[in-house]
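Visitor: Just dropping this structure here.
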Amino acid sequence: MGAIKSIGVVGGGAWGTALALTAARAGSEVRLWARDPDTVSDIRSRRQNSRYLPGITFDEDLNATDALEDVADVDAILLVTPAQTTRSMLGALKKTGKVRGPVVLCAKGIEQTSGKLLSKVMSEELPGVEPGILSGPSFADDVARGLPTAVTVAANSARTALSLCESLQSPCFRPYASIDILGTQIGGALKNVLAIACGAVVGRKLGASAQAALTARGFAELNRLGMAMGAQGETLTGLSGLGDLVLTCSSSQSRNFSFGLRLGEGFLASELISAGGKLAEGAYSARVAVKLAEKQEIEVPICDTVARMIDDDLSIDDALNTLMARPLKAETESA
């Protein structure tokens, strides 16, 4: 494919706005779609997204619109809406009849109703359009403020991955190209589930040692399942795997960590979900991850524990007892 000069960003939340700013800083023409007309007006008139990125004013022209067809006819599209709405948003893009470049999936999750990775969902909804994946250790506020960030950008072909990287690279944003679409997605989806577990440990005030142990053993689960499904080892130990896991499992800026934090403080998952607020994708992906592991005959006790907490089937204290009472095992195969 040729050089990417125009980028459409679908999603006017914090992450969508941050990625739109990233593309603009890289020199691309950017069109940003937001569902909320007030958000569009805020970006146009004040160069702010005060609802999702309060306190940040930007110099870049994002060409904000609430008409989806305006952002479809571009060289590449970044789809930055929640994982569980990916299918409907891809269908809406298809209806415009204007999609011609790759569509980069920027949500980190697994479709709950089907158990499918988002690239598979895209192949069903937009057949013939090349998928891309953007994932890695990145908080929207950091990216919007121009703080140093590195991510993985994956596509089926190295040429497309490199073209996408070139369209996003700036002195403060460094994308690394990959052709491992599957591994890039698995890392992003599972780290959300594991971040809930780490947040619960912190919320229950179980100590830094427990948090570190859970992060390490969580990575072991991510790595086992990813390798069994065909991911590349370098991907799982890279930015979109271990890198994103470390960030998300250690900061209250993470929606999933914050969700787990509340669980550790004694709230039920059903209470938190019904109350609305920031979306925790891990709450939707936990049970799906367990089912994927069962198909591969892989043990994922932390993911399973999180899924049971999400179902209100297990308290944080019972969850800890369940994990600590598991039969002893060697950490390495040679032990």
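The values are calculated or read from the model by the stated rules, or taken from the named source; none is laboratory data. Every value quoted in this text rests on a predicted model; they were computed, and no experiment measured them. Here the Cβ positions follow ideal geometry from the backbone for every residue, glycine too, while neighbour counts run over all protein chains shown. These accessible areas exclude ligands, DNA and RNA; they are computed on the full protein's heavy atoms, side chains included. Shrake-Rupley method; radii C 1.70, N 1.55, O 1.52, S 1.80 Å.
Visitor: Looking only at the range 128-157, which residues are closer than 21 Å to ARG51 by Cβ and acidic (Asp, Glu)?
Guide: ASP141, ASP142
Visitor: Being within 16 Å of the chain's Cα centre (by Cα) and either touching a residue at least 12 places away in the same chain (Cβ under 8 Å) or on the phi > 0 side of the Ramachandran plot (or both) narrows it down to one of LEU225, LEU168, LEU206, LEU190, so name that one. Walk me through how you get there before you give the answer.
Guide: Details: LEU225 fails: within 16 Å of the chain's Cα centre (by Cα); LEU168 fails: within 16 Å of the chain's Cα centre (by Cα); LEU206 fails: within 16 Å of the chain's Cα centre (by Cα).
The unique qualifying residue is LEU190.
Visitor: Suppose we filter LEU19, LEU90, LEU105 for residues that are modelled with pLDDT of 95 or more, under 23 Å from SER285 (Cα atoms) and touching a strand residue (DSSP E or B) at 6+ places or on another chain (Cβ under 6 Å); which single one remains?
Guide: On the way: LEU19 fails: under 23 Å from SER285 (Cα atoms); LEU90 fails: touching a strand residue (DSSP E or B) at 6+ places or on another chain (Cβ under 6 Å).
Only one candidate passes the filter, namely LEU105.
Visitor: Continuing with the same structure: Which condition number does LEU236 fail, the rest of (1) within 19 Å of MET309 (Cβ to Cβ); (2) open to solvent by less than 30 Å² (accessible area, probe 1.4 Å); (3) touching a residue at least 40 places away in the same chain (Cβ under 8 Å); (4) in contact with a Gly (Cβ under 9 Å, 6 or more places away or on another chain) being met?
Guide: It fails just one condition, (1).
Visitor: Here are some residues: LEU328, LEU323. Which one is at pLDDT below 85 and either open to solvent by 60 Å² or more (accessible area, probe 1.4 Å) or more than 16 Å from VAL193 (Cα to Cα) (or both)?
Guide: Working: LEU323 fails: either open to solvent by 60 Å² or more (accessible area, probe 1.4 Å) or more than 16 Å from VAL193 (Cα to Cα) (or both).
Answer to the check: LEU328.
Visitor: Go through the range 163-192 residue by residue and tally those that are farther than 30 Å from GLU221 by Cα, open to solvent by 10 Å² or more (accessible area, probe 1.4 Å) and out of contact with any Gly (no Cβ under 6 Å at 6 or more places or on another chain).
Guide: Of the residues in that region, 5 qualify.
Visitor: Which one of these does ARG31 not meet: (1) in contact (Cβ under 8 Å) with a residue 24 or more places away in the chain; (2) open to solvent by 20 Å² or more (accessible area, probe 1.4 Å); (3) touching a strand residue (DSSP E or B) at 6+ places or on another chain (Cβ under 9 Å); (4) part of a loop (DSSP other than H, G, I, E, B)?
Guide: For ARG31, the failing item is (4).
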